[in-house]
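Structure, as C-alpha cells:
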Ligand code: NG1
Ligand code: MG
C-alpha cells in the first residue's frame, strides 16, 4: 500500500459507477467556477475523502490499531500556480483561496512568509485547515530540498469544494488538511508524494488547528482503496493495509446516518476530545506509577504522533518485564484482557481522580502535572475518570482484534454460506459493545445517537454505533441489504420525522456507504 499518491486520469479512477453522474457535474462546475473567478483554468485538482470508522473508537491516539474506510464524500482543491511576484512582498508568497460555498466560507487572500505559516487557532476560520496543510507541506518540501538550498514556494490560486459534512464525525477536517497538503506539494513541483509522508505530515499539521488528535482519519483519507476497509496500525511505525469483508448471506452493507447534532471540536475541544486525550495519558502515567518499580519511565515522543500521550501499552510492557517470565509470551488479546483486570483493581475510584490525587501518586506537584499534561491543549475538568477511560481503551483495542479475526481468520468464517446470519450477528455484536463502551465508559455518545442506534437495531441492523469523535455527528450501522429500507423507514418515522429538516438534510440523513478510494491528484488537461 505504500508508494506515491496515485494520479487519476479520469473520474472513473476515483469514484464508483453509481457516484459518477453527480461527481461529473460537480467537477465540471468546480472547474468552470475556477475559470470564472481567476480568469484562467485550474492546472490540477487534489482530492482526499472523508472516512467512516467501522471499529476502534478513541484509541488511535493511544496508538492502538483501528479499522476505518474512506467514503465517497471528499475535499477537492483546484489549483493554479502563478509565478508573478510584483504584488507579493519580498520574502513572502501569495495564497488566494475561495470556496464554492462562498456564503459560508468567504474568499481570502494572504501573503505568507517563506518559512513561517501563521495560524491563529483561537479563531474559527475555515482557511486554518488549508494553512495547517500548507505549513506541514512546506516543512516537508524544505526538508526534501536540502538545508543548503533556498526554497521559494509558489503562489497559488485555489478553489475548494468539500462534501464531507463538518462536525459530523466523518472527518471533514482530515480530508481538507490532507487535500491541502497534497495540493501544496504538487504546486511546488512534487507530483509523486509518498502516501506515508503525506499522512504523517497531515497528522502533525492538523494539531495546529487545536485538536490533539490521533492518526486514524488522515491514514484512512490517504491510504484507502476502493472496495476495502483499512486496517491501520501506529506502532512500531505507521502501516495501513486493505481488508476485505467475506461474502455473506444476507449481504452486509454499511449505513451511515446523521444525528444533526453538530459536535464542533473547536468549541468542545477543551471539555471533550482533548480532555479524553489527557485522561488517557494520565491513566497510563498513574498505572505506571502504582504498578511499576519507582522510576520506570513511559516512552516519550513516539514519532510521528508526537507528544507523549501514549504509553498505554507500554505500561503493560514495563509491567511484564518485571513479572516473572510467563507474561511476555502472552498474545496481544491476552495482554489486553490482563490490562483490563489490572485497571479494574488499580483504579478503583469510579467518581474519578482530582489533580491533587493524581499528582500525589506521580510524585509531582499539581503545577508540574498541569505543565506536563494540560499545557499544550488546555482542558477544563475537576475530576478525571481514569478507570472508565482506560477500560474503554483496552476493551476497544481488543474488539478491533476480535473483529479482524472474524473478518480474516478462515476458522471463523461460516461453514454454511447459504445463511451467515450467525456470523453477521457476531460482527454486529462487537459494534454494539463499542457503542455501549463509548456511551457508558468513555461518555462520548449523546441521547440522539443512542436513540438512533436503538431504532436501527430494532429495524434489523446487526450492529449500530457512533462513528468518529462522537458527542453528536454520525453513526454507522451494519445492516443486511434486505433490511436497509426498513431501517431507513424506521429512522424517518421515529427520529427524522420529528426534526425540522431541509430537503438537502433529508437527502443526506441516511446513506448506504461503500468503501471508497483514497487521496489522488488529477491533472487538468
Ligand atoms: P473525527 O472527529 O471524527 O474527525 C476524531 C479524531 C480521530 C479519532 C476519532 C475518535 C480528529 C482530526 N480526529 O475524529 O483521530 O481519535 O475522533 O476515534 O480530531
Ligand atoms: Mg475531524
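Would you mind stating whether residue 176 is touching a helix residue (DSSP H, G or I) at 6+ places or on another chain (Cβ under 9 Å) and either closer than 30 Å to residue 506 by Cβ or surrounded by fewer than 23 Cβ atoms within 10 Å (Cβ to Cβ) (or both)? Spelling it out, residue 176 is indeed touching a helix residue (DSSP H, G or I) at 6+ places or on another chain (Cβ under 9 Å) and either closer than 30 Å to residue 506 by Cβ or surrounded by fewer than 23 Cβ atoms within 10 Å (Cβ to Cβ) (or both). Are any of the residues in segment 151-162 within 15 Å of ligand 2 (Cβ to nearest atom) and more than 22 Å from residue 40 (Cβ to Cβ)? Yes: segment 151-162 contains one or more residues that are within 15 Å of ligand 2 (Cβ to nearest atom) and more than 22 Å from residue 40 (Cβ to Cβ).
When residue 153 is tested against the conditions (1) at pLDDT 90 or above; (2) surrounded by 15 or more Cβ atoms within 10 Å (Cβ to Cβ); (3) within 27 Å of residue 23 (Cα to Cα); (4) touching a strand residue (DSSP E or B) at 6+ places or on another chain (Cβ under 7 Å), the lone failure is (3).
Of the residues examined, residue 18 is one that is modelled with pLDDT under 95, more than 16 Å from ligand 1 (Cβ to nearest atom) and either surrounded by fewer than 21 Cβ atoms within 10 Å (Cβ to Cβ) or closer than 30 Å to residue 96 by Cα (or both).
Selection of segment 346-404 for residues being within 30 Å of residue 432 (Cβ to Cβ), free of Cβ contacts under 8 Å to residues at least 40 places away in the same chain and out of contact with any strand residue (DSSP E or B) (no Cβ under 8 Å at 6 or more places or on another chain) yields 348, 349, 350.
The criterion of being more than 18 Å from residue 2 (Cβ to Cβ), away from ligand 2 (no atom under 16 Å from the Cβ), over 14 Å from the mean Cα position of the chain (by Cα) and at pLDDT below 95 holds for residue 250. Of the residues making up segment 188-238, just one is part of a strand (DSSP E or B) and within 16 Å of ligand 2 (Cβ to nearest atom), namely 232. Of all residues in segment 6-27, those that are within 26 Å of residue 193 (Cβ to Cβ) and either touching a strand residue (DSSP E or B) at 6+ places or on another chain (Cβ under 6 Å) or in a helix (DSSP H, G or I) (or both) total 13.
The values are calculated or read from the model by the stated rules, or taken from the named source; none is laboratory data. Predicted model only: the values in this text are computed from it and were never measured. Ideal geometry is used to build each Cβ from the backbone, glycine not excepted, and the neighbour counts take in all protein chains shown.
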